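Here the structure comes first, spelled out in structure tokens, and everything after it is commentary.
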Amino acid sequence: MGSQKHVFLLLSVLLILNSLLFSGADEDHYYEFILQETEITKLCSTKTILTVNGSFPGPQIRVRRGDTVYVNVHNQGRSAVSFDWQGVEDPVDGSNELIQPGKNFTYEIELDDEIGTLWWHARSAWAKATVHGAFVILPAADEEYPFPTPTSDQIIIFGEWFRQELTEGNETIAAGQADGYTINGHLGETYGCSNDTTYLLEVAYEGLYLLRLINAVANETMVFAIGQHSFTTVGQNATYAQRSFSTSLTLAPGQTLDVLLGANQNVGQYYITAQPSSGRHNTTGVLQYLTSTGV
């Protein structure tokens, strides 16, 4: 009997150790990126842009701290392109690899201590303007946020739009001032084109939202605000940050911020604004409360 008890206890201990060892185990994730030419209408005209999987901005990558990510890029465009995984600490094999038209290349991205929001983009300026997306790194399975758990998170990418087609031969255009600025690909209602769309952020009253902000504009600092709402900054450039409070946020080119937004105002609609430091253009969105509770 005594020996059976010892065996049972030993097996129980091994099972506990095994669950502790693998509960937070790192995982591998696989993504397929298709580089392709896509026709998009904005600012009252239609042009062809280079996209990933046909969308502007491109698809998000969403993984956990310490995971490994494999991104297989198929180039169906007309020019050679390489990718940058901005903010990833460890060098990514093949980051300088030019993927020729008709070819593919798989990037292996090993994450370490990065946590929060990064972004990926094409390296060349002309392609970067439309080929980019969010890279979200959640806490490991056995970790929690060091701040109140949000109701959900929302990605907000500030981008730029040029009326002229961007190609390898006219890269200087992308280095200049854009004709318009976007929030998640939407130009808003300030440019006077009926076919332009407006970004909509829907929230529930008393919800807490983690906004993942990315400034993908090459040469402009962007100022972001939501009418009658304030923010608590909790992270930047894929690391936790000391909390700070503000009613507007300033993001340098390439910068990311993680901020908490409390949906605690009277139910209704509120303007979202994103303005470049040059002040030339101002793009807008709308925050919309979904319920009437607490009015």
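The values are calculated or read from the model by the stated rules, or taken from the named source; none is laboratory data. Computed from a prediction, not measured in an experiment: that's the story for all the values here. Virtual Cβ from ideal backbone geometry, glycine too; neighbours counted across all protein chains shown. In case anyone asks, the SASA skips ligands and DNA or RNA and just uses the protein heavy atoms, side chains included. Shrake-Rupley method; radii C 1.70, N 1.55, O 1.52, S 1.80 Å.
Based only on Cα atoms, what Rg/Rh ratio does the stretch 81-141 have, Rh being taken as Kirkwood's radius? Please report the intermediate quantities before stating the final value.
Numbers: Rg = 12.5 Å, Rh = 12.6 Å.
Across the stretch 81-141, the Cα-based Rg/Rh ratio is 0.99.
With all protein chains present, how much of the accessible area of the stretch 177-295 (probe radius 1.4 Å) comes from carbon and sulfur, to the nearest whole percent? Don't skip to the end; give the middle numbers.
Numbers: 2230 of 5010 Å².
Summing carbon and sulfur atoms, their accessible area is 45 percent of the total for the stretch 177-295.
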(request) For helix 2-23, report the angle its Cα long axis makes with the longest principal axis of the Cα atoms of the chain; keep it between 0 and 90° and round to the nearest 10°. (result) 10
(request) Return, for the Cα atoms of the stretch 40-127, the radius of gyration and Dmax in Å, separated by a comma. (result) 14.3, 44
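Counting heavy atoms of the protein chains only and a 1.4 Å probe, report the per residue accessible area for the chain as a whole number of Å².
On a per-residue basis, 47 Å².
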(request) Could you run the Karplus curve 6.51 cos²θ - 1.76 cosθ + 1.60 with θ = phi - 60° over the stretch 81-97 and give me ³J(HN,Hα) per residue in whole Hz, x for Gly and Pro? (result) 9, 10, 10, 10, 10, 5, x, 6, 5, 7, x, 9, 4, x, 4, 9, 6
(request) For a quick protection proxy, order the peptides 218-224, 143-149 by their average other-Cβ count within 10 Å, most packed first. (result) 218-224, 143-149
(message) For the chain, I need the span (max minus min coordinate) of the C-alpha atoms along each principal axis, in Å, sorted largest to smallest.
(response) 84, 56, 29
(message) For the chain, what is the number of Lys pairs with C-alpha distance below 26 angstrom, counting only pairs 8 or more positions apart or on separate chains?
(response) 4
(message) Give me Rg/Rg_expected for the stretch 120-183, where Rg uses Cα atoms only and Rg_expected = 2.2 N^0.38 Å with N residues.
(response) 1.58
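What FRET efficiency would be calculated for the residue pair E27, N195, taking the C-beta separation as r and a Förster radius of 51 Å, to the nearest 0.05?
Working: r = 42 Å, r/R0 = 0.81.
Computed FRET efficiency for E27 and N195 comes out at 0.75.
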(message) Could you report the accessible area of C193 in Å², rounded to 10, computed with a 1.4 Å probe on the protein chains as they sit in the structure?
(response) 20
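Starting from the Cα gyration tensor of the stretch 56-176, multiply each eigenvalue by 5, take the square root, and state the resulting semi-axes largest first in whole Å. Walk me through the numbers on the way to the answer.
On the way: eigenvalues 168, 66, 23 Å².
Rounded to whole Å, the semi-axes are 29, 18, 11.
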(message) When the expected Rg is taken as 2.2 N^0.38 Å, what fraction or multiple of it is the alpha-carbon Rg of the stretch 174-221?
(response) 1.45
